[in-house]
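Q: Here it is, the structure in full.
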Amino acid sequence: MVYIRIKKVKNINYAYLVESKWNKEKRTSQQITRQYLGPLAQISINKIPEEYRNESTIIKFLDSYDLNFEKSSELNKSLQDILFEKLKNYELDDLINIYNEYTKSVYSLLDFYEKLLIPILHKIGDQWAKGEIDVATEHVCSNAAITLIDLINQKNLKKISKISSSSSTHKSIILCTPEGELHSLACKIIESLLLEKGYNVYNITSSLPTNSIESYYLDKINSSIIIISVTLKENIHSSIRFVQQIRQSLNIPIIIGGNAIKFASNYQIKLLEQYDKVYFDLEELDDIITYIKTLMNT
């Protein structure tokens, strides 16, 4: 495996192309410097030897420093197209292989969701809304995506168990949707990311009336955070009603996320702002996960 290593000299970052090889005799990995690349600020794709330019570690590094945005975008776009076809044909083995290949080096589970799966799900929704694909294809894609996330979670169960067993916290997180909200994929993705971090997660997404959810789950689970996912803007009001009902008995943090929040009216925002510990301005998945970590550690 090759990667780029940074060495700081007199406050200037210099980059080196390094190859990691396994030394059988010493039974350890050995790092071999293949090429000096120069000051980090002057690196471009053209300074990388051609045989290494498509290595995922190199693309990820350049992307993280905004040095190779075009190359990284090309890779993600190509994989998105492949992923789309595999979802439409419900090819689960190929889907999990794409995930394995994408995350086996430096790309994370969050990268897979944010850069591949979520953009494709948005594309599928847009195409269905425009009549470019039929409802059957949309359902097949959604079901394949849900099964893929379940398979990813199963694959990570050993790691999740190790993290959970070594963690001293037994705090739980509840994922749910407001009354009338039938879109549960967003909660599945957040659940997957939280499970990977070792959190106890109860995904109770349902179209049940909010009072039923509160009676059967919220009162029985010792939760530290409640996350409400709302995709359709017409369900913002039911989300607010849900918050009102939760606040009658619980004063724990509530995070409201989803595509619908960006369409909330000033009146709806004011209604949410009157409640303490209600957060609804976290747009990115990474922001939500980071904020949950902060809340769980307080």
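Q: Find how much the distance from LYS171 to GLU234 grows on full extension, using 0.36 nm per residue of separation minus their present alpha carbon separation; answer in nm with one decimal. Don't skip to the answer; put the middle values down first.
A: On the way: separation 63, 0.36 × 63 = 22.68 nm, distance 3.20 nm.
My answer for the length gained is 19.5 nm.
Q: Can you run phi through the Karplus equation (6.51, -1.76, 1.60; θ = phi - 60°) for region 181-188 and list ³J(HN,Hα) in whole Hz, with x for Gly and Pro?
A: Using θ = phi - 60°, the values come out as 8, 9, 8, 10, 4, 4, 5, 5 Hz.
Q: Would you mind calculating the gained length between GLU138 and SER249 on full extension (0.36 nm times residue separation, minus the Cα-Cα distance), in nm to one decimal?
A: Details: separation 111, 0.36 × 111 = 39.96 nm, distance 3.91 nm.
Gain on stretching GLU138 to SER249: 36.1 nm.
Q: Given a 1.4 Å probe and heavy atoms of the protein chains only, how would you sort TYR16, TYR113, largest accessible area at the top? List each step's numbers first, then the result.
A: Working: TYR16 60, TYR113 0 Å².
In descending accessible area the options line up as TYR16, TYR113.
Q: At most 13 other Cβ atoms within 10 Å plus a DSSP loop assignment makes a site exposed; report the longest stretch of the chain without any exposed GluC sites (Glu not before Pro). Working shown, then result.
A: Working: sites that count: GLU25, GLU132, GLU283, GLU284.
So the longest stretch without any such site is 133-282.
Q: For labels at LYS277 and ASP150 in the simple 7 Å Cα→Cβ model, what's the distance in nm?
A: In this crude label model, LYS277 to ASP150 measures out at 3.4 nm.
Q: Follow-up. With the cut-off at 21 Å, tell me which of the pairs LYS123/LYS262; LYS26/LYS104; LYS10/LYS60; LYS86/LYS115 have Cα atoms farther apart than that. Present the calculation step by step, with values, prior to reporting the outcome.
A: Values: LYS123/LYS262 18 Å; LYS26/LYS104 25 Å; LYS10/LYS60 26 Å; LYS86/LYS115 16 Å.
Those over the limit are LYS26/LYS104; LYS10/LYS60.
Q: Moving to a separate point now. Which length gain, in nm to one decimal place, applies between LYS262 and LYS26 when the Cα-Cα distance is subtracted from 0.36 nm times their residue separation?
A: Working: separation 236, 0.36 × 236 = 84.96 nm, distance 5.63 nm.
Residue separation times 0.36 nm, minus the Cα-Cα distance, leaves 79.3 nm.
Q: Counting trypsin sites (Lys or Arg not before Pro) as exposed when in a DSSP loop with at most 11 other beta carbons within 10 Å, what is the longest stretch of the chain free of them?
A: On the way: sites that count: LYS10, LYS24, LYS26, ARG27, LYS104, LYS130, LYS220.
Formally, the longest exposed-site-free interval is 131-219.
Q: Go ahead and collect, in residue order, the members of region 31-46 whose backbone nitrogen is under 12 Å from a label point 7 Å along the Cα-Cβ direction of ASN11.
A: Under 12 Å, as judged by backbone N against the label point of ASN11, lies no residue of region 31-46.
Q: Tell me the label-point distance for the pair TYR90, LEU182, using the 7 Å Cα-to-Cβ offset, in nm and rounded to one decimal.
A: 1.9 nm
Q: Which entry in (i) 18.9, 60; (ii) 24.5, 74; (iii) 22.3, 69 matches Rg and Dmax of the Cα atoms in Å derived from the coordinates of this structure?
A: Correct label is (iii).
Q: Sticking with this one: Rounded to the nearest 20 Debye, what is the dipole magnitude of the chain about its Cα centre when Lys and Arg each give +1 and Asp and Glu each give -1 at the C-beta? Please report the intermediate quantities before stating the final value.
A: Values: 35 positive and 36 negative charges, 313 e Å.
Taking the Cα centre of the chain as origin, the dipole is about 1500 debye.
Q: Go through region 275-292 residue by residue and turn each phi into a ³J(HN,Hα) via Karplus (6.51, -1.76, 1.60, θ = phi - 60°); whole Hz please, and just put x for glycine and proline.
A: The phi angles translate into 9, 6, 6, 10, 10, 9, 10, 9, 8, 8, 4, 4, 5, 5, 5, 5, 5, 4 Hz.
Q: What are the ³J(HN,Hα) couplings of region 235-247, residue after residue, when phi is run through the Karplus curve with 6.51, -1.76, 1.60 and θ = phi - 60°? Round to Hz, x for glycine and proline.
A: 9, 5, 4, 5, 5, 5, 4, 4, 4, 4, 5, 4, 5
Q: Here is a further query. Can you return the aspartates and glutamates within cross-link range of LYS130? Criterion is Cα-Cα under 15 Å, with same-chain partners fewer than 8 residues away left out.
A: Those aspartates and glutamates meeting the cut-off are GLU138.
The values are calculated or read from the model by the stated rules, or taken from the named source; none is laboratory data. Keep in mind that what you see is a predicted model, and the values were worked out from it rather than measured. A quick note on method: Cβ atoms are made from the backbone with ideal geometry, for glycine too, and the neighbour counts reach across all protein chains shown. Surface areas here come from the heavy atoms of the whole protein model, side chains and all, with no ligands, DNA or RNA. Shrake-Rupley method; radii C 1.70, N 1.55, O 1.52, S 1.80 Å.
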